[in-house]
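Peer 1: First, the structure itself, so that you have it in front of you.
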Amino acid sequence: MADNLSPQGYTVRAVQNAERTLMSRASEDIAQMMGVNEGIKKDVYTDTKGNKSIAIGFNLEDETNQPILDELGLDRDELKSGKRSLNDKEISAMYNYSFKRAANDLKKFDPDINTRPYSVQKALLDMSYNLGYTKLSKFVKMKEALQNNDYQKAADEMVDSLWYKQVGDRGPRTEKLMREASDFK
């Protein structure tokens, strides 16, 4: 059956399909980065700060994560004790919850995030996912550099932080993303 769209209608549909494809690729790209940087665990583990965690960097000690546990019908103590493992659907739901939270935190930290180069968006989203808003907001000099679109200085501020020293290979990977933006000025 024909759509009977005008030429403009076909153009709009093509643009919308291209945007969906681009967003899908970006979502997959970011999910892959988070999987590498956080790891994917069906069973509880202790993170570098001593917190019981699970899934893709999901902090079981953080009481503000309770809504997704309730939604999934998961018992925090059962997970923390190691008596219960997660299935793929639960891991995905926890990741989506954490991702949305990180994206919202990032918008508070940097209201201009949507205008920044993709590599900067990825770097900052990674930091927001890992740190949360409270800790990310302490990167005052990095934020100043961002406001000046000085991505080299922002990367320097990342390197000159305790976070960078604590996160192992994640730090240099995230720093590299920030520095890539300077290549396109």
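Peer 1: Could the peptides 112-118, 101-107, 35-41 be put in order, highest first, of the mean number of other beta-carbon atoms found within 10 Å of their residues?
Peer 2: With the highest mean Cβ count within 10 Å placed first, the list reads 101-107, 35-41, 112-118.
Peer 1: Between Lys176 and Asn149, what FRET efficiency follows from the Cβ-Cβ distance if R0 is 25 Å, with the result rounded to 0.05?
Peer 2: The computed FRET efficiency comes out at 0.90.
Peer 1: Right, another one. Give me the percent of the accessible area of segment 135-185 that comes from carbon and sulfur atoms, probe 1.4 Å, all protein chains in place.
Peer 2: Its accessible area is 49 percent carbon and sulfur atoms.
Peer 1: Sticking with this one: Could you let me know the centre-to-centre spacing of segment 151-185 and segment 43-81, using Cα atoms, in angstrom?
Peer 2: Value for the Cα centre distance between the two parts: 28 Å.
Peer 1: Can I ask one more? Determine, from the Cβ-Cβ distance of Leu72 and Lys49 and an R0 of 41 Å, the FRET efficiency 1/(1 + (r/R0)^6), rounded to the nearest 0.05.
Peer 2: 0.95
Peer 1: Same structure again: Taking θ = phi - 60°, what integer Hz values does the Karplus form 6.51 cos²θ - 1.76 cosθ + 1.60 yield along segment 91-99, in sequence order, with x for Gly and Pro?
Peer 2: 4, 4, 5, 5, 4, 4, 4, 5, 5
Peer 1: Still on this structure, please answer the following. Suppose all protein chains stay in the model; what accessible area per residue would a 1.4 Å probe give for segment 32-185, in Å²?
Peer 2: Accessible surface, normalised per residue, equals 54 Å².
Peer 1: Hey, another quick one. Can you tell me the order of 79-85, 94-100 when each peptide is scored by its average per-residue count of other Cβ atoms within 10 angstrom, highest first?
Peer 2: 94-100, 79-85
The values are calculated or read from the model by the stated rules, or taken from the named source; none is laboratory data. Owing to the predicted nature of the structure, the values given are computational and were not obtained by experimental measurement. Quick reminder, even Gly has a Cβ in these numbers, built from the backbone with ideal geometry, and neighbours come from all protein chains shown. Surface accessibility is based on the protein's heavy atoms, side chains included, excluding ligands, DNA and RNA. Shrake-Rupley method; radii C 1.70, N 1.55, O 1.52, S 1.80 Å.
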